[in-house]
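Here is the structure we will look at, set down as structure tokens.
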Amino acid sequence: MGNLAIIFKRELMSYFATPLAYIFIVIFLISNGIFTFDLGGLYARGQADLLPFFSFHPWLYLIMVPAIGMTLWADERKTGTIELLLTLPVRLADAVLGKFLAAWALTGIALLLTFPIWITVNYLGDPDNGVILAAYIGSWFMAGGFLAIGSCMSACTKNSVIAFILTVSICFLFVIMGSPILLDAFPGWVPQILVDAFSAMGFLTHFDSIAKGVLDIRDFLFFSVFIAAWLMASAIVIEMKKAN
Amino acid sequence: MIEISHLTKNFDQFTAIDDLSFTVKEGEVLGFLGPNGAGKSTTMKVITGFLSPSSGTVTIDGHDISTSPMAAKSLMGYLPEGAPSYGDMTTLEFLNFIAQVRGYRGEEIARRVQHAIDEVELASVSQQTIDTLSKGFKRRVGLAQAIMHDPKVLILDEPTDGLDPNQKHHVRELIKNLARDKIVIISTHILEEVTAVCSRAIIISQGKIVADGTPAELESRSKYHQAVSVRLTDDYDLEADLANLPDVAAVEKDEENKLTFTILAKEGKSIFSQVSEIAQSKQWPVTEFHVSRGQLEDVFRTVTQQSTSQQSMPQQSMSQQPISQRQQGAE
């Protein structure tokens, strides 16, 4: 077991040592229920799929995932344990990745616990479970994207509330980047290629197709690269801001 | 052996460490002294590899902390200021985690953890969450993680800060026991601690070394070194009797206790026998009579204030302004 795994285990256990993980999971499940059945009208649509369930995820994650991400580094900085952790023979990359993966695993656990909704549609109809599986994985990857932003913002400050607000703001930007509201706001003289590039950075652009069951490896690649980039930024920020 | 050579650390506003060079050998317990904001903690953070130096090098047994941090870090145990630890874990969980990160596997983990727990007497709280522990126990948890891997180099940032006298004594005993074949660097601003545990003391001020030597050597630089302290039962004019002694520098009268006098010797002179002869021949009404080794506190004040006044700043702001600026950045 390398240091990455040791840090991962410690972080994940610490989520469950406090009520944080349980509160997160309960609120996540309740909101998912409300979004899917009440607002999404899963029954009224009369279709055996989970589109209403998944299409709310970007908005749900926008609030819930930064709440997990905000403590990642801000708390280490606040309690001074960052000094302990980084003077142990641990590579910074292991620390950044281990902490991120633990938080990502927590969102994965929360996501897995939504399985009753999946059972419901299987009981009521005959959905395409391959599409649902792909959408679940896509949703988890998107959560990872939000979380990676959270990791970087959390590294910027020792105040986790500030980290939360920063993360929500930046995540919001990436969510709406691909949406027509923002794209229509571009004046006509902006070259199309710029608008396309801008839209390609948006979470919705990639997640909408995943949620509809269009399994494109490029969408997964987008989220993977996105996560890697923000985690690298986290490491750079931590390295730079260690002194304060 | 730790070799620190031309170490400099600049922050945005100021220089926290200014061209610092020294070496520490096995068996030495180095007391790192200095006023608040002098650069003690920053130096320790650079030595342990938490901060990277602006220039200069730190090598631990030949391993440069900047170029081979993993090797250097595995040789060191570090207690950061305030002894931070993961508060939501129990003592045992936390120490298990440290043992694993330190590379121990299988049964060795339990053995190492048990050894550390015994060494700092943590057995009674091993199942408690660290957040619920008292300050003294938290400090001991910090010490336990630092000594877990029996490191060659032990760096302790204010290890006794905030402890009660019994706990202080215990920690000092512990440091003395650990020190035999190791290098120990402790920072402190409690001067009695230096006399109690250190074999060498370095005083730094504004990021520079202003004094370096054994505690006894430093004490001998005090103006109270070889001074004779006398306490009388009745008022008596000592100064008249001492006026003829060439080695007496001055006589100080205690402000509060009017019958206590301190007779200062000129530098490098011993006046005890001369003063004692006069005291006998003139029959001073003496109740106490002893020689002072010198006061570290006095040396500390002299050397650290000299270095601040060299900055040629106006008298009023000289001691306050640079220090408060420094604290903001360093803490």
Mind checking which pairs have a first residue in the range A:114-132 that is farther than 19 Å from A:Ala44 by Cα and a second that is loosely packed, with under 13 Cβ neighbours inside 10 Å, Cβ under 8 Å, 6 or more apart or different chains?
none
Grab the strands (runs of 3 or more DSSP E) fully contained in the range B:3-97, keeping just those with 1 or more residues being buried (at least 23 other Cβ atoms within 10 Å of the Cβ) and at pLDDT below 90.
B:15-24, B:29-33
Sole exception among (1) closer than 19 Å to A:Cys152 by Cα; (2) aromatic (Phe, Trp, Tyr); (3) within 14 Å of chain B (Cβ to nearest Cβ) for A:Trp104, by number:
(3)
Is the range B:129-144 home to any residue that is under 29 Å from the mean Cα position of the chain (by Cα), farther than 30 Å from B:Leu20 by Cα, of a type in the set (Asp, Glu) and in the same structural domain as B:Ile155 (by TED's automatic domain parsing)?
yes
Determine whether B:Ala116 is touching an Asp or Glu at 6+ places or on another chain (Cβ under 8 Å), without any contact (Cβ under 8 Å) to a residue 60 or more places away in the chain, within 16 Å of B:Met76 (Cα to Cα) and of a type in the set (Gly, Ala, Ser).
no
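Please work out if B:Gly103 is at the interface with chain A (Cβ under 9 Å from one of its Cβ atoms), under 27 Å from the mean Cα position of the chain (by Cα), outside any strand (DSSP E or B) and at positive phi.
Considered against the rule, which asks whether it is at the interface with chain A (Cβ under 9 Å from one of its Cβ atoms), under 27 Å from the mean Cα position of the chain (by Cα), outside any strand (DSSP E or B) and at positive phi, B:Gly103 comes out as no.
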Just to be sure before I move on: is B:Ala116 surrounded by 18 or more Cβ atoms within 10 Å (Cβ to Cβ) and small (Gly, Ala, Ser) in the structure I sent?
yes
For the range A:185-203, give me each residue that is under 24 Å from A:Ala143 (Cβ atoms), touching a Phe, Trp or Tyr at 6+ places or on another chain (Cβ under 9 Å) and not in a loop (DSSP other than H, G, I, E, B).
A:Phe198, A:Ala200, A:Phe203
From the list B:Glu256, B:Glu252, B:Glu219, which residue is more than 18 Å from B:His290 (Cβ to Cβ) and either acidic (Asp, Glu) or touching a residue at least 24 places away in the same chain (Cβ under 8 Å) (or both)?
B:Glu256
Against the definition (at pLDDT 85 or above, crowded, with 21+ Cβ neighbours inside 10 Å and in a helix (DSSP H, G or I)), how does A:Ala148 come out, yes or no?
yes
Residue check, A:Phe56 farther than 30 Å from A:Lys241 by Cβ and surrounded by fewer than 19 Cβ atoms within 10 Å (Cβ to Cβ):
yes
Could you say which residue among B:Ala71, B:Ala123 is within 15 Å of A:Pro89 (Cα to Cα) and either among the aromatic types (Phe, Trp, Tyr) or in the same structural domain as B:Gly49 (by TED's automatic domain parsing) (or both)?
B:Ala71
Within the range B:80-95, track down each residue that is within 11 Å of another protein chain (Cβ to nearest Cβ), in contact with a helix residue (DSSP H, G or I) (Cβ under 8 Å, 6 or more places away or on another chain) and closer than 22 Å to B:Leu156 by Cβ.
B:Pro80, B:Glu81, B:Ala83, B:Pro84, B:Ser85, B:Tyr86, B:Gly87, B:Met89, B:Phe94
Flagged in the range A:80-95 as within 25 Å of the chain's Cα centre (by Cα) and over 19 Å from B:Ala99 (Cα atoms), in numbering order, are A:Ala93
Exactly one of these conditions fails for A:Arg45: (1) over 29 Å from B:Tyr104 (Cα atoms); (2) of a type in the set (D, E, K, R); (3) in contact (Cβ under 8 Å) with a residue 40 or more places away in the chain. Give me its number.
(3)
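Let's see how each residue does on (1) closer than 22 Å to B:Gln306 by Cβ; (2) hydrophobic (A, V, I, L, M, F, W, C); (3) at pLDDT 80 or above:
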site: B:Val184; (1), (2), (3): no, yes, yes
site: B:Thr188; (1), (2), (3): yes, no, yes
site: B:Pro215; (1), (2), (3): yes, no, yes
site: B:Ser229; (1), (2), (3): no, no, yes
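The values are calculated or read from the model by the stated rules, or taken from the named source; none is laboratory data. From a predicted model like this one, the values you see are computed outputs, not experimental measurements. All Cβ positions, glycine included, derive from the backbone under ideal geometry; neighbour counts span all protein chains shown.
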